[in-house]
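The values are calculated or read from the model by the stated rules, or taken from the named source; none is laboratory data. Because the structure is predicted, anything quoted here is derived from the model rather than measured. Virtual Cβ from ideal backbone geometry, glycine too; neighbours counted across all protein chains shown. Side chains included, ligands, DNA and RNA excluded: accessible areas come from the protein's heavy atoms. Shrake-Rupley method; radii C 1.70, N 1.55, O 1.52, S 1.80 Å.
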Amino acid sequence: MHVHRFERLWFGVSLVLIVAFIGTIIYGAVGPGIAMVDDSGGTVEPSVIADGNYEQTNNFREPGVYDTEDGVEVYVIARQYFFQPGTTEPIRVPAGEPISFHVTSPDVTHGFNLAGTNVNTMVIPGQVAEFSVTFEETGEHGIVCHEYCGSGHHTMEGQVVVVEQSEFEGGEN
Amino acid sequence: MTDDNQPRTDGGTATALPGDSHDDDHLPPRWSLKRWLVTTNHKDVGLLYLATAMFFLVFGGVLALLIRAQMWSPRAPGTGVLSAMAYNQAVSLHGLIMVFWFISPFATGFANYIVPLQIGAEDLAFPRLNALSYWLYLASGILVFASFFQGSSFAGGWTLYAPLNIPAFMPSIGATTTVFAIVVFCASITVGGVNFLTTIHRMRAPGLTMRSLPLFTWSWLLTAWMMLLAFAALLAAVMILLSDRMLGTTYFAATTAGGSVLWTHLFWFFGHPEVYIVFFPALGAMAEIFQTFSGNRIVGRKWFIVSMVLVALQSFIVWMHHMFLTSINLEVKTLFMATTIGISLPFDLMVFALIYTLIKGRIRWDTPMLYAFGALVLFIVGGITGVFLGAVVLDYEFRGTYWVVAHFHYVMVSGVTGLIAGLFYWFPKMTGKTYDEFLGKLSFAVYFTGFNLLYFPLFLAWGTPRRVFAYRPEYVGWHRLASVGAVILGIAFLLIIYNLAKSIVAGDDAAANPWPYSTTAEWAVASPPPIENFPGKPSYVSGSLEFLDDDATAAAAADGGTAATDGGHAALESGHGDDVHVDHASYWPVTIGLFTLVTALGLSGLQVGSYPSGLEGLFYQGASVLGVVGLLGSITAMGYENFTAHEGGLGEAWPFEGVENTKMGMWVFLASDVVLFGAFIGAAIFLRVAYGWTQWHPIPHNPIPGLVNTYLLLTSSFTVILALVAAQKRSRKGVVASLTLTFLLGLGFLANKAIEWVVLFSEGTGLDSSVRASTYYLTTGLHMGHVIAGLLVTAYLIWRAWNGAYTDGNDETLEYFGLYWHFVDIVWLFLFPLFYIV
């Protein structure tokens, strides 16, 4: 069978493209270890969060940073129009170890985007977004809400401060 | 629910006998405003669509420029040209207007004008419905415009995410109006979809088989199918949202588990096919232009068509890739990643076919070709950057950033580029004038530069989060470049509009076929084509397009359904010689559009069951009443109007030779209704699963009234069949009696339902009591709305039957009403167990 020169060329180029795409995906998953968001965070009644009855649920705790045996756990509530913690006092976490974030919302859908990192998720009322991230370097990262959430949307900001492990005060456990 | 009985009422008179005293075409001249208000001719309606869509392009474009002005530097809230809320509105409405009120209607304009010419039809199957879908579109556009003046327009993004979209979080009346506008737009799309599908399937010229259908028509056929089914899902979503906003149901309230995820499912089930709905017509136009300007038939034509069909099918199974950051489990996400990568494969094939067509041909770089080629280049960039997003792991990185913004603008606006190519390509045909070639090429140079300056820097500034105007200072340069590009792109559009406007006034006359090597039928007729399109009956039977002697076939067409069954041979059995008069004007589509606008404006004031107080409330209530009354009156009047349209089935109609136009239209409409009910029932089941299947009990305490209603409806279906039998026996009494019985049974159903609801209300179970109550009231309420619409039609049928209709051999209307009525019964058979027993 005669295969035209152009066809062979196209075939080659498309093969290279496919291999490149698959390569990128594998690199993304294995190399930088991009945080996955799935349903492991579970669900929680938005009203429970709104009323602060954290003892009624087993997959969310009072907002704050906890130094547990399993590592550092951060519980954040994104609500109109601030992050708790994050906005009034920054979230302080240590560098060089995995940090588990648990974020939920009692009112509308918010965004949780750490500028300059690969932390990036939607915060949906009734669901706990759970993901893990390791900050290699110390420094400050702004938290942005990048889902429309109402009139105060553009003021909804916060901060994560990554400190040396030695400077990290355990938080509550 | 204006779209419910449209196909039926139109059909009732489309089959009227010829010989009524009609003037030749009733149509005022082109310079008269009246012509444009009453016209039902597909070419006029096409031009209306194009002009209106261009207006919305400018509207959406101005909003885009405001956004780019705000993005000139990173801003704190309250600084820059837009306030925080104004920015939210500008971005939301820019998206909504460009997607709904510009691109799709722009493509619809071409489809209206070109598709009937390409398939050899004198007009669409239901000309008045065509005009109606335009007027509904215009009404919805005016609603969007009005929403800015009712407090605040919708300010939660074009995706209208829940629960921000409910009054608790977005209380302005303008937001309700925006949602209402989308409902009316969906109605317009449904009416248009029914019309185009019937036309393309049923009204092709003899010899024009599906395989030889021109590519633009193919692309539009698939677009129309996708529109019909996808927009039905969106219609369900926005109807539920309207009910949450106006009546106070609690589907999307933050207190219910799963409400916001339900919205994303409903929205994106529509949202992804929408991407192809937007792009397919452009693809079809590009394929036509590539063939004409390379002088070469498209390479792998059959596989090109197969690819388009595959994409159209696959488009319905990729929606969850818009939801990778919601908490869906990883297995499902991986599945949707695979389907997403899968859908890019047929696209690769099409892109290669297009490129190969160019390589094998001798290209002439006229303006349409420049735009079409530009569209291909831009689409390739947009497509490749999209594959990154389709991969779950990479999407975590990119989602919610300007990478996405850049990607979908490359894809969507490459579609616009393809349609602009079509605009230049078909401009001589539509206006009879030639455009200025130099200005055309210049506009392309400016357009292509502006486009890439605008969107490419956004890839480089991809770390910018979406939906905010604060960003890291290192991106300032890229954003300023983009803003400059936006202005240049705007100038390009002005150049295009100037060029075309100038040419309409002072351009040279265009030949019937200005393009060498063009092959499709629209170039075989004058520019612009005469009102009846063709000098004779077009036929491809001999292998190429011929215009046969008109009289014989036209007379056969007038015989309606009987001639339809025997396909291409209808011409042979004619000979009565009576001239057929086809109508091209009706006042009712524009009237219905007007009253739809009034109704929607009035009802938009309704919020969680109450109108605003004082004079404002009086205005809204008055408009609601006036609108509904006017709407009922004008729909009835349209049903009663004598309007003769062209019949189908005289040429190729595979596989629908034996199905009369109106029947086909009814079936197509019911297909979209299946999706509508499917989405409502699916929503109820979704919420129930989120709530806990077993903790959820039916709202009615007693299933017996529901059971009685099941019997009532089934019996009423039976009586409709009796009516049809009576009509066939030419018994006027029998028809009237059977229909009256149907009416009474339906009334019994409603009375039973009313008692049930009154009891429930008195016990304190309202629409807002719980999500259980909401789903029960709304889903059975939607069904009840269908029953009420059916009963209104039944009353109309009884009145007509009393006056002797349907017993003269024309009993199709009864049959088609029967189809609708049986469908409504079947839906109840699903609702009854779901809401009364389980």
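Expressed in nm to one decimal, what extension gain is obtained for the pair residue A:56 and residue A:132 from 0.36 nm per residue of sequence separation less their Cα-Cα distance?
Net length gain for the segment: 24.9 nm.
Of the chymotrypsin sites (Phe, Trp or Tyr not before Pro) found in the stretch B:35-127, none is in coil by DSSP with at most 14 other Cβ atoms within 10 Å of its Cβ. If you sort the three axes of the alpha carbon gyration tensor as a ≥ b ≥ c, you get a/c of 1.5 or more for the stretch A:46-167 and a/b no higher than b/c, which makes it oblate.
Rounded to 0.05, the FRET efficiency of the residue B:829 and residue B:689 pair, given R0 = 25 Å and the Cβ-Cβ distance, is 0.70.
Averaging the Cα positions of each part gives two centres, and for the stretch B:113-171 and the stretch A:116-134 these lie 35 Å apart. Given axes a ≥ b ≥ c from the Cα gyration tensor, I'd like to know whether chain B is rounded (a/c under 1.5), prolate (a/b larger than b/c) or oblate. Oblate shape, in that a/c is at least 1.5 and b/c is the bigger or equal ratio. Label point of residue B:517 set 7 angstrom out along Cα-Cβ; within the stretch B:438-452, amide nitrogens under 20 Å from it belong to B:441.
Ellipticity at 222 nm from helices only: DSSP H runs of n ≥ 4 in chain B, each -39500 (n - 2.57), divided by the residue count, give -23000 deg cm²/dmol. Basic side chains Lys and Arg get +1 at the Cβ, acidic Asp and Glu get -1 at the Cβ, and with that the dipole of the stretch A:1-149 about its Cα centre reaches some 900 debye. Using a 1.4 Å probe over protein heavy atoms, the accessible area lost on pairing B with A, summed over both chains, comes to approximately 4200 Å². Interface burial in the stretch B:379-413 reaches 30 Å² or more for B:384, B:387, B:388, B:393, B:394, B:396, B:397, B:399, comparing the full protein assembly with the chain by itself; accessible area from heavy atoms with a 1.4 Å probe. Per-residue 3J(HN,Hα) values for the stretch B:214-220, derived from phi via the Karplus relation 6.51 cos²θ - 1.76 cosθ + 1.60 with θ = phi - 60°, read x, 5, 5, 5, 4, 5, 6 Hz in sequence order (x marks Gly and Pro). Placing unit charges on the Cβ atoms of the charged side chains and taking the dipole of chain B about its Cα centre, the candidate lying farthest along the positive direction among B:116, B:340, B:738 is B:340. If R0 equals 22 Å, the separation of the Cβ atoms of residue A:19 and residue B:334 corresponds to a calculated FRET efficiency of about 0.65. Remark: chain B carries a charge dipole of roughly 2440 debye about the Cα centre, counting +1 on each Lys and Arg Cβ and -1 on each Asp and Glu Cβ.
Placing pseudo-labels 7 Å out from each Cα toward the beta carbon at residue B:795 and residue B:494 gives an inter-label distance of 5.5 nm.
Under the convention that each Lys and Arg Cβ holds +1 and each Asp and Glu Cβ holds -1, the size of the dipole of the protein assembly as shown around its Cα centre is about 1500 debye.
Looking at the stretch B:39-524, the accessible area is 26 square angstrom per residue; that uses a 1.4 Å probe and ignores ligands, DNA and RNA.
Distance between the pseudo-spin-label points of residue B:384 and residue B:761 (7 Å out from Cα toward the beta carbon): 6.2 nm.
If you wrap the tightest convex hull around every Cα atom of the protein assembly as shown and split its volume per residue, you get 175 Å³.
Report, to the nearest whole %, how much of the accessible area of chain B belongs to carbon and sulfur atoms, 1.4 Å probe, protein only.
C and S fraction of accessible area: 70 percent.
Protection proxy ranking, highest mean first, for peptides B:522-529, B:826-833: B:522-529, B:826-833, where packing is the per-residue count of other beta-carbon atoms within 10 Å, averaged.
Might you tell me the accessible area per residue for the stretch B:587-640, computed with a 1.4 Å probe and given in Å²?
46 Å²
Placing +1 on the Cβ of each Lys and Arg and -1 on the Cβ of each Asp and Glu in chain B, which of B:801, B:717, B:172 has its Cα farthest towards the positive end of the resulting dipole? After comparing all options, I get B:172. Accessible surface of residue B:664, taken over heavy atoms with a 1.4 Å probe and every protein chain present, rounds to 10 Å².
Taking trypsin sites (Lys or Arg not before Pro) across the stretch B:274-338, the ones in a DSSP loop with at most 15 further Cβ atoms lying within 10 angstrom of their Cβ are B:297.
Over chain A, calculate the relative contact order: mean separation of alpha carbon pairs under 8 Å at least 6 apart, over the residue count, as a percent.
On the way: 347 pairs, mean separation 40.8, N = 173.
Rounded, it is 24 percent for chain A.
Taken one residue at a time, the phi angles of the stretch B:531-547 give Karplus couplings (6.51, -1.76, 1.60, θ = phi - 60°) of 4, 8, 6, 10, x, x, 7, x, 8, 10, 4, 6, x, 9, 5, 9, 10 Hz. Gly and Pro are set to x.
Within the accessible surface of the stretch A:57-156, defined with a 1.4 Å probe on protein heavy atoms only, the carbon and sulfur portion equals 41 percent. Averaging the sequence gap over all C-alpha pairs within less than 8 Å and six or more residues apart, then dividing by the number of residues, gives chain B a relative contact order of 19 percent.
Rounded to the nearest 0.05, what FRET efficiency do residue A:26 and residue B:302 have when you use their Cβ-Cβ distance and R0 = 30 Å? Working shown, then result.
Details: r = 36 Å, r/R0 = 1.20.
Efficiency for this residue pair is about 0.25.
Proximity of backbone amide H atoms, modeled 1.01 Å from N, is registered between residue A:134 and A:99 at under 5 Å, excluding neighbours fewer than 5 places apart on the same chain.
Compared with the dominant principal axis of the Cα atoms in chain A, helix A:5-30 is inclined by about 20°. Multiplying the residue separation of residue B:345 and residue B:36 by 0.36 nm and removing their Cα-Cα distance gives an extension gain of 106.9 nm.
Converting phi to 3J(HN,Hα) with the Karplus coefficients 6.51, -1.76 and 1.60 and the offset θ = phi - 60°, the stretch A:49-62 yields 5, 4, 8, x, 8, 5, 5, 7, 10, 9, 10, 8, 10, 3 Hz in sequence order, with x at every glycine or proline. Here's the picture: charge each Lys and Arg Cβ at +1 and each Asp and Glu Cβ at -1 in the stretch B:39-524, and of B:191, B:426, B:382 the one pushed furthest to the positive end of that dipole is B:382.
Spin-label model, residue B:526/residue B:725: points 7 Å from Cα along the beta carbon direction are separated by 5.6 nm.
Hey, quick one: spin label on residue B:610, modelled 7 Å out along Cα-Cβ, who in the stretch B:758-782 has an amide N within reach, i.e. under 16 Å? Of the residues in the stretch B:758-782, B:767-768 have backbone N under 16 Å from the label point off residue B:610. The shape of the stretch B:697-837 comes out prolate: with a ≥ b ≥ c from the C-alpha gyration tensor, a/c is at least 1.5 and a/b beats b/c. Taking all Cα pairs closer than 8 Å and separated by 6 or more residues, the relative contact order of the stretch B:39-524 comes to 16 percent. Loop-resident GluC sites (Glu not before Pro) (DSSP state other than H, G, I, E or B) in the stretch A:105-173 with no more than 14 further Cβ atoms inside 10 Å of their Cβ: A:136, A:137, A:164, A:169. Annotation: for a label point projected 7 angstrom from Cα along Cα→Cβ of residue B:317, residues of the stretch B:345-377 with backbone N closer than 17 Å are B:345-347.
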